[in-house]
Amino acid sequence: MTKVITYGTYDFLHEGHIRLLKRAKALGDYLIVGVTADDFDMARGKINVGQSLMERVEAIRQTGLADKIIIEEYEGQKIDDIRRYEADIFTVGSDWVGKFDYLNEFCKVVYLDRTEGISSTEIRSHRQELRIGLVGETNIVNKFKNECRYVNGVEIAGVYASTSGTLDNELKNLTSRTSSYDELLCKCNAVYIASKPSEHYHQVKKALESGAHVICESPITLDIEQFDELIHIASEKGLVLMDGIKTAYSLAFNRMMLLIKAGIIGDVLSVDTTCTSLIDIDKNNLPSHLWNSITAWGPTALLPIFKILGTDFKQTMRYSKSLPNHKDFDIFTKVSFIYDNGVASIKVGQGVKSEGEMVISGTKGYIYVPAPWWKTDYFEVRYENSSENKRYFYQLDGEGIRYEILSFINLIKGRKSYNQVSEEISQQIIRIVGNTGEG
Ligand code: C2G
């Protein structure tokens, strides 16, 4: 008898899961299905699981495909199970290719093709897979793709890139890579747009007009009127248009905002942020998909300032250094803001290196966030009497991208998402970062 073993969360069992189980069964005579326990899913960073373990086990039992159902509760249990049940074959879907090769030491490992594009019912029902299309050429698309795996109910429908850019091989070989944006939109009910800012407006508009929800890297547009038009279209069609600033979805950042609101450092009088990443810029051959400093870092650097001091600044002062033969490509920009009751500054650069820290100064103390503050899992609250200083740590899985995706899903389902970027902040970011380059 050939024993086959496979594992999964199997949340809201659908045809993709069932096809996998049928093909797993066909590999042998006896099929063992391991269903992940809730806390094992949490431990491995899988979020947004809607059903309880018992509901998921019962759904598998009702398929009649499993000869035995076990519960996966800890890292490394697969090896114990293969030995205990003398499994001959371990199998799992092709989205895990390579991840379980180490099990070849214990049994044969088979990766079965994953079912692309699950047939969808209305996205607002909780049973729907979110079929998300990825748009863009930079490495952030790869990060987003990897993070989708941790959010239950999210399926990558395809990827579109105007140039192959820095797509990783898995994305380049994705069976649903599309040669046109229109083709991608036919396959998905949501898109993540990380193309260069000058392409956002048209791509977001087309996605909304095709009925897709949108997460777009910030700035969503470079022109405020275009942004307002997109917000109107999304509202008219009952669709979500979400500003994808990763930092907004990080646990440490959100807890920091709550502590400030609670007055932990008194009244905030100054917020200073710095974001730089020294990249090799070939002055004579600027890659077409490269973002300039103020668009690459401006939205992130501005987020805490607008969240803490608001968007009603009275004056700005701006210094920018551009490449000699590329006036629209700044290698460094500093913008200072004057408020009625405070000041703020951002320093951003792709051609200048500085200390990527954030300092929030208050009448009772200050908050210090070390570099890279925008994806930190740690910050300090410091006082005059340093013995009162407090340190805060918050696990940040995947730079906060999986929680950004979860917020997106919650917004689509009509649930409130408290950490999303407000329209008002998105608009002010465009005013500072966009074509008008106010300030
Ligand atoms: N699957 C599939 N097609 C889909 C969705 C899922 O073939 N459209 C497969 C997955 O590849 C996996 C199984 O169905 O083999 C269960 O998928 P999930 O419930 O998403 O669980 P996952 O986290 O992928 O489980 O340790 C291994 C993991 O537990 C695999």
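The values are calculated or read from the model by the stated rules, or taken from the named source; none is laboratory data. Keep in mind the model is a prediction, meaning the values are calculated, not measured. Cβ coordinates were reconstructed from backbone atoms using ideal geometry, including for glycine residues, and neighbour counts include every protein chain displayed. Surface accessibility is based on the protein's heavy atoms, side chains included, excluding ligands, DNA and RNA. Shrake-Rupley method; radii C 1.70, N 1.55, O 1.52, S 1.80 Å.
Summary of computed values
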{"quantity": "Members of the range 200-238 found to be of a type in the set (Phe, Trp, Tyr) and more than 17 Å from Ile425 (Cα to Cα), listed by number", "calculated": "Tyr201"}
{"quantity": "Count of the range 382-439 residues which are assigned to a loop (DSSP other than H, G, I, E, B), more than 17 Å from the chain's Cα centre (by Cα) and over 18 Å from Leu239 (Cα atoms)", "calculated": "11"}
{"quantity": "Whichever residue in the range 47-81 is under 18 Å from Tyr150 (Cα atoms) and assigned to a helix (DSSP H, G or I) and, among such residues, is nearest to the ligand (Cβ to nearest atom)", "calculated": "Arg56"}
{"quantity": "Residues (among the charged types (D, E, K, R) and in a loop (DSSP other than H, G, I, E, B)) located in the range 203-224", "calculated": "Glu217, Asp223"}
{"quantity": "Subset of the range 4-46 that is of a type in the set (Lys, Arg) and within 9 Å of the ligand (Cβ to nearest atom) - its residue that is least open to solvent (accessible area, probe 1.4 Å)", "calculated": "Lys46"}
{"quantity": "First in the range 1-22 and without any contact (Cβ under 8 Å) to a residue 40 or more places away in the chain, second anywhere and of a type in the set (D, E, K, R), Cβ under 6 Å, 6 or more apart", "calculated": "Met1/Asp29"}
{"quantity": "Filter result for Ser198 (of a type in the set (Ser, Thr, Tyr), closer than 18 Å to Ile432 by Cα and open to solvent by 30 Å² or more (accessible area, probe 1.4 Å))", "calculated": "yes"}
{"quantity": "Qualifying residues in the range 82-108 (those that are among the aliphatic types (A, V, I, L, M) and more than 12 Å from the ligand (Cβ to nearest atom)) - the one surrounded by the most Cβ atoms within 10 Å (Cβ to Cβ)", "calculated": "Ala87"}
{"quantity": "Within the range 152-178, tally of residues that are open to solvent by less than 40 Å² (accessible area, probe 1.4 Å), modelled with pLDDT of 80 or more and not in a loop (DSSP other than H, G, I, E, B)", "calculated": "6"}
{"quantity": "Ile425, sole failed condition from (1) open to solvent by 60 Å² or more (accessible area, probe 1.4 Å); (2) closer than 15 Å to Gly244 by Cα", "calculated": "(1)"}
